[in-house]
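Data block below; observations after.
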Amino acid sequence: MGIDLSKSDLSETQKYQLLTLLGQYRQAFAKDITELGCTKIGKHIIDTGDANPVRQFPYRTTPKTKEEINTHLDEMEEQGIIRKSMSPWSSPILLVAKPNGEKRVCVDYRKLNRLTKIYTQSLPNLSDVLDTLGEKHAQTYSVCDMRQASGSWNLMNNSKEKTAFMTHRGQYEFNRLPYGLANSPATFNMIMNEVIRDLNWKSALVYVDDILNLQAALFDKLIEANLKLKPSKCQFACKEVQYLGHIITKEGIAVDPEKTASVHSFAAPKNVKEVRMFLGLCNYYRKFIHNYSKITSPLNQLLHKDQQFHWTDECQRSLETLKTKLTSAPILVFPDFNKEFILHTDASGTAIGYVLGQHDKDKKLRVIAYGGRMLRKPEQRWDVKDRECLALVVAIKQFHVYLANKQISCLY
């Protein structure tokens, strides 16, 4: 099936037994697009109200790109993923390279997405997902990825024409949900929650098409729903796995260095847009960085509407400090809701910071998360004791999920 167990924490005998077990669930895996499944659970709707169709000309492409697009179109048409179209709607096609070097056909649906009504279905809270891992006390983890998840869900008939795209050899439209549509992640999550309803948050965690699995029962659910996993993207019984931009181990959660590589190579921003881009990359991992708000203060100042863009030495120090902090970010431990939480707060003249932690078996304080924010101008004029009280109030509000109805120790 193409499953690699080289990173698994198993003996050779155990690996053989695992592969034998996985072989019994062969129908849950698809080695390529020809084995792709398509579930009958739910259909995706593109609701554009009474908006007029948008129609764009195709982008120009090189002869080599045309050949690659032809291959993808042939495969998708043969599998019934797309069909020829006479739709009044049309968006341009793109060939996008994936991190592993493979390429996939995507459509630039930005104009269609602006007309689409957004679902109220929300994605799971990332912190809740990661915290749940600690409750399992697992020694190893298994991570699975869907095989072309977007092609595994059907579209409502009246939505198909809106997915139309123009190519050098004519116009097509999708029978199944394509990449790049507004509401796609919500549809993925809604249907996956239905598929593994009695397993979710217990023995499996789902975030869009990324699944962290602890039981073989997941495979039965996928086979029943006619959904498939990508064997080459699955890891089983590993001491360390990559999940949602993090490295997960039994010790806790760490920053995934592959995801922060773009931060380390980021040059000094030349405008506000580049500052926003850099801070966007860093914000995802702010819980790993002590005094994050204080460190980013010079950069956030550049985002103010009345602030003229001027890259100072202080801004450069902030940039370099963030790069260093992310490189050396600590492992954050999983919370243990049966133990006492320790809350450490601090307040300066410009910012407040706080740390949530717990003592380990050796009585050493281990960090669960860092937090903080900049002080507003009126708050900066408060007495130091009032700023310290503010830090405590804000910290308790942010970490209320951990601290509610609990006895806590506060240090400040």
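Here are the numbers for the structure shown:
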{"read-out": "Unit charges at the beta carbon, dipole of the chain: most positive-side option, 3, 133, 398", "value": "398"}
{"read-out": "Dipole magnitude of the chain about its Cα centre (Cβ charges: Lys, Arg +1; Asp, Glu -1), debye to nearest 20", "value": "800"}
{"read-out": "Estimated Rh, the chain: Kirkwood, alpha-carbon pairs, angstrom", "value": "24.4"}
{"read-out": "Likely footprinting exposure, 48, 120, 345, 62, fewest C-beta neighbours within 10 Å first", "value": "120, 62, 48, 345"}
{"read-out": "Sorted by Cβ neighbour density within 10 Å, fewest at the top, the residues 297, 152", "value": "297, 152"}
{"read-out": "Scaled radius of gyration (Cα, divided by 2.2 N^0.38 Å) that the range 25-117 gives", "value": "1.29"}
{"read-out": "Within the range 341-411: Cβ-based charge dipole about Cα centre, in debye rounded to nearest 20 (Lys, Arg +1; Asp, Glu -1)", "value": "120"}
{"read-out": "The range 78-126, relative contact order in percent, only Cα pairs under 8 angstrom and at least six apart counted", "value": "25"}
{"read-out": "Student exercise, the range 12-247 dipole from Lys, Arg, Asp, Glu Cβ charges, in Debye to nearest 20", "value": "600"}
{"read-out": "By average C-beta atoms within 10 angstrom, highest first, the peptides 278-284, 178-184, 301-307, 13-19", "value": "178-184, 278-284, 13-19, 301-307"}
{"read-out": "Beta bridge orientation in the chain: antiparallel %, DSSP, nearest 5", "value": "80"}
{"read-out": "Antiparallel bridges, percent of DSSP beta bridges restricted to the range 341-411 (to nearest 5)", "value": "80"}
{"read-out": "Spatial separation of Cα centroids for the range 185-204 and the range 90-124, in angstrom", "value": "22"}
{"read-out": "Residue among 152, 264, 238 farthest towards the positive dipole end of the chain, charges placed on Cβ", "value": "264"}
{"read-out": "Net charge of Cβ neighbours under 10 Å - reference residue 35; Lys, Arg +1; Asp, Glu -1", "value": "+3"}
{"read-out": "Tensor-based shape of the range 314-358 (alpha-carbon gyration tensor, a/c under 1.5 rounded, otherwise prolate or oblate)", "value": "oblate"}
{"read-out": "Listed peptides 393-401, 356-364, 235-243, 95-103 by packing density, highest first (mean Cβ within 10 Å)", "value": "235-243, 393-401, 356-364, 95-103"}
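Since every read-out is calculated from the coordinates, none of them should be taken as a lab result. Just so you know, these numbers come straight off a predicted model, no measurement behind them. Note that each Cβ is placed from the backbone with ideal geometry, even for glycine, and that neighbours are counted across all protein chains shown.
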